[in-house]
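Below is one structure; the comments refer to it alone.
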Amino acid sequence: MCGIVAYIGTKEAQPLLIEGLKRLEYRGYDSAGIAVVNDNGIEIERAVGRVSCLEDNLEARGGLRGTLGIAHTRWATHGEVTLRNAHPHTDDSHTIALIHNGIIENYAALRTYLEEKGRKFVTETDTEVLTTLIAELYDGDLEHAVQAALREVTGAYAIAVICATEPDTLVAARKGSPLIVGVGNGEYIVASDGAAIVSHTSRAVLLEDYQVCKITRDGFHTTTIDNVPVTPQIRQLEMELEQIELGDHPHYMHKEIFEQPRSLRNTMRGRLDRNEGRVVLGGVGQYARELVRAKRFILTAQGTALHAAMIGEYLIEDLAKIPCEVEYASELRYRNPIIEEGTVVMAVSQSGETADTLAALQEVTDRGALALGVVNVVGSSISRQTDAGVYLRVGPEIGVASTKAFTGQVAVLAMLAMFLGRRKHMPASQCSRLIESLERIPDQVESIVKQSESIRDITSKYVDRENWLFLGRGVNYPTALEGALKLKEISYIHAEGMPAAEMKHGPIALINDGMPVVFIANQGAQYDKVISNIEQVRSRGGRVIAVATEGDKQIRTVADDVVFVPDIPEPLSPLLTVIPLQLLAYHAAVLRGHDVDKPRNLAKSVTVE
Ligand code: AGP
């Protein structure tokens with residue numbers, strides 16, 4: 001997703017802006033650019049490709065001077081990946097420069113209007129239209145011109161704007177895409193997320209939708225787009241610099257896979273009372289009564305978060321006996337959902353900014369549902385648009401392929417199911433036993449990640465195969481989907497996950513000699529059926545990689561390769577069975593020479609539709 005960084009202060013802007021862009025590289029992008037205001041007016045440099053290409057261009061021209069500037073990494077939505085379409089954009093009079101994350105939906109009509117006013121355009125982008133609209137409305141006050149322009153647009157935006165004739169003013173605004181104003185001493189950093197701010201200040205204002213922030217070196221103020229003053233709330237950014245540093249790991253994904261023992265401890269810390277057999281979730285406690293009486297839960301998410309939600313469905317129905325369904329957010333928002341009294345919607349999201357999940361949440365809450373968020377980023381849009389929720393507390397997840405957030409989401413959903421179950425029929429003793437199992441999981445995960453090298457050896461045997469299947473049953477069917485997604489998104493190998501029993505209904509035709517099929521075959525209610533599925537695959541020439549329970553003597557007689565995980569109650573088993581799948585995908589990507597943390601075409605947070 002696009003990255004926004006802007007600076008106003010007393011230091012040279014260029015080095016700070018470039019450093020900020022590098023901290024946002026993980027969001028995914030295909031071009032980058034920077035603009036500053038100085039005695040020459042607005043000066044701009046752009047590049048297609050990595051931020052390092054932009055740095056080369058800047059060095060070739062001797063750099064850009066100025067203490068007010070904006071910078072951007074673009075993930076193409078409107079318009080090809082070209083130098084011309086890279087941000088920042090200016091208007092035809094070179095008065096305004098702007099960077100933008102989001103989509104202006106009515107840009108075509110606005111472009112026609114502006115062309116009729118004699119304005120000229122040089123790109124295909126919606127962003128240039130917004131820049132030109134601000135220039136057209138500019139009458140000496142940048143803040144007012146931005147407010148007036150934003151009253152005319154529909155769509156989503158996070159923008160930072162500078163003006164050639166106002167060297168002391170930076171204007172930022174947002175609707176539907178995140179934007180944070182870092183508050184320093186006589187300097188301000190505006191960015192898409194805290195990763196670009198935390199090395200300068202931990203004090204920040206999280207802009208809300210339809211808010212405009214005018215910033216000078218002497219201070220800032222916030223209004224609505226109708227120029228109604230808004231009192232800004234300065235918060236403490238929770239992330240620490242070392243959390244977003246790579247350390248001695250080769251990739252962020254590697255770091256985050258190996259971080260899961262610690263991240264899971266953080267997720268569960270203070271929330272499990274084994275002696276009393278209780279789960280304590282402060283973020284939802286005030287709604288416990290409504291939640292326990294809920295007639296139906298709708299869990300909605302995208303991607304990896306959806307797979308976690310699918311596991312949550314099994315857990316809530318199994319442990320809390322409340323009807324539960326999972327919907328792709330992108331489908332739920334357009335499905336005209338039937339929302340009766342007693343419906344609770346739960347949005348599951350690492351970033352808390354996924355556009356489809358936000359839109360689905362809005363659609364269901366407009367119809368009266370109580371809304372919960374299961375989110376990682378504190379203060380994110382979903383966390384602020386839900387009535388209550390539970391934070392993952394896994395720390396910033398930088399790798400585009402989600403790993404520790406997934407296990408954090410599953411752990412939170414398990415705790416939520418136990419929280420609800422204990423308020424319905426679950427005896428304290430059962431809850432205590434589950435708590436005991438949960439508390440063992442971080443050490444158990446530790447024992448699995450230590451198998452990384454042997455998992456790499458297994459992966460290397462099949463890494464040249466272009467088609468894989470991932471099969472699981474019950475609560476590990478979503479785990480199979482997650483394993484397939486991990487492999488797809490970073491190794492670019494085609495992989496499909498499905499319920500193991502489904503294979504007989506068509507996909508078994510795919511099995512050819514040497515095709516890798518990953519089975520989640522841990523000890524569980526359907527173990528014997530999984531074994532027979534494995535035999536069906538082997539008899540057709542498939543090669544079986546099994547994730548099995550330590551001590552299983554039978555699995556080696558049927559599988560080609562086995563990764564063992566510790567024994568665990570089946571409902572909680574995805575927290576362990578997913579780890580070998582994460583490592584398999586990671587090693588496949590590395591063996592194939594791909595950019596693990598910034599896979600092609602992908603963004604860390606899909607804040608556009
Ligand atoms: C998962 O590895 C992907 N990065 C992607 O599917 C992601 O899970 C999805 O876009 C949802 O993101 P969110 O959790 O931030 O809402």
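Quick one: angle between helix 428-449 and the longest Cα principal axis of the chain, in degrees between 0 and 90, rounded to 10, please. Here the helix axis deviates by roughly 70 degrees. Compared with the dominant principal axis of the Cα atoms in the chain, helix 527-538 is inclined by about 80°.
Spin-label pair H94-H221: with each label point 7 Å from Cα along the Cα-Cβ axis, the two points sit 3.3 nm from one another. Relative to the longest principal axis of the Cα atoms of the chain, the long axis of helix 574-591 lies at roughly 60 degrees. Kirkwood radius and radius of gyration were both taken over the C-alpha atoms of segment 318-452, and their ratio Rg/Rh is 1.00.
Ordering L416, T403, Q523 by the projection of their Cα atoms onto the charge dipole of segment 380-530, which places +1 on the Cβ of Lys and Arg and -1 on the Cβ of Asp and Glu, puts L416 at the extreme positive end.
With the gyration tensor restricted to C-alpha atoms of segment 466-609, the semi-axes of the equivalent ellipsoid amount to 25, 18, 14 Å, longest first.
Couplings 3J(HN,Hα) for segment 96-112, derived from phi with the Karplus relation 6.51 cos²θ - 1.76 cosθ + 1.60 (θ = phi - 60°), are 10, 10, 9, 10, 8, 10, x, 9, 8, 6, 9, 5, 5, 5, 5, 5, 4 Hz, where x marks Gly and Pro. For segment 19-68 versus segment 413-434, the inter-centroid distance based on Cα atoms is 53 Å. So the label point goes 7 Å from the Cα of L83 along Cα→C-beta, right? Which residues of segment 24-51 then have their backbone N under 19 Å from it? Residues passing the 19 Å test: 30-36, 43-51. Projecting the Cα atoms of H505, P229, L392 onto the charge dipole of the chain (Cβ charges, centred on the Cα centre) puts H505 farthest toward the positive pole.
Seen from every direction in turn and averaged, the convex hull around the alpha carbons of segment 168-222 projects onto 3.3 nm². Beta bridges from DSSP with both residues in the chain: antiparallel share about 60 percent, rounded to the nearest 5. Its alpha carbons considered, segment 395-443 gives a radius of gyration followed by a Dmax of 13.4, 40 Å. Rounded to the nearest whole Hz, the Karplus-based 3J(HN,Hα) values (6.51 cos²θ - 1.76 cosθ + 1.60, θ = phi - 60°) of segment 170-180 follow the sequence 10, 10, 10, 7, 8, 7, x, 10, x, 7, 10, with x at glycine and proline. Scaled against 2.2 N^0.38 Å for its residue count N, the alpha carbon radius of gyration of segment 462-520 is 1.04.
Along each principal axis, taking the top coordinate minus the bottom one, the Cα set of segment 228-343 gives 53, 50, 30 Å in descending order. Modelled this way, with points 7 Å down the Cα-to-C-beta line, the labels at E439 and R61 are 6.1 nm from one another.
Rounded to the nearest 20, the size of the Cβ-charge dipole of segment 470-596 about its Cα centre is 240 debye, with Lys and Arg at +1 and Asp and Glu at -1.
Residues whose amide H comes within less than 5 Å of that of C2, counting only those at least five positions distant or on another chain, are W75 (H built at 1.01 Å from N in the peptide plane).
Three semi-axes describe the equivalent ellipsoid of segment 504-553; taken as square roots of 5 times the Cα gyration tensor eigenvalues and ordered largest first, they are 20, 12, 8 Å. For segment 194-240, the alpha-carbon radius of gyration amounts to 1.24 times the rule-of-thumb value 2.2 N^0.38 Å expected for a compact globular protein. Residues I435, I493, I70, ranked from the fewest to the most other C-beta atoms within 10 Å, line up as I493, I435, I70. By the compact-protein rule of thumb, 2.2 N^0.38 Å, the alpha-carbon radius of gyration of segment 1-135 corresponds to a ratio of 1.01. Binning the C-alpha pair distances of segment 88-228 at 10 Å intervals from 0 yields a P(r) profile of 13, 45, 33, 9, 1 %, listed from the shortest bin outward. Segment 210-239 and segment 99-160 have their alpha-carbon centroids 21 Å apart.
Estimated from helical segments only, the mean residue ellipticity of the chain at 222 nm is -10000 deg cm²/dmol, where each DSSP H run of four or more residues counts as -39500 (n - 2.57). The residues F419, F220, when put in order of fewest to most other Cβ atoms within 10 Å, stand as F220, F419. Residue exposure proxy: D91, D513, D141, ordered by other Cβ atoms within 10 angstrom of their Cβ from fewest to most, comes out as D513, D141, D91. Take every Cα-Cα pair in the chain and report what % of them are more than 38 Å apart. Distances greater than 38 Å cover 35 percent of the Cα pairs. Pairs from the list K22/K598; K117/K175; K255/K486; K255/K604; K11/K604 with a Cα-Cα gap above 22 Å: K117/K175; K11/K604.
Applying Stokes-Einstein at 37 °C and 0.692 mPa s to the Kirkwood radius of segment 291-374, computed over alpha-carbon pairs, gives a translational diffusion coefficient of 265 µm² s⁻¹. Magnitude of the charge dipole for the chain, about its Cα centre and with charges confined to Cβ atoms of Lys, Arg (+1) and Asp, Glu (-1), is about 1720 debye. In terms of its alpha-carbon gyration tensor, segment 20-63 comes out prolate; a/c meets the 1.5 threshold, and the first ratio a/b outweighs b/c. Positive-end ranking of G28, L591, V326 along the dipole of the chain, with charges on Cβ about the Cα centre, is headed by V326.
Every number here is computed from the coordinates shown, using simple stated rules; none is lab data. Note that the structure is a prediction, hence the values are computed from the model and not measured. A quick note on method: Cβ atoms are made from the backbone with ideal geometry, for glycine too, and the neighbour counts reach across all protein chains shown.
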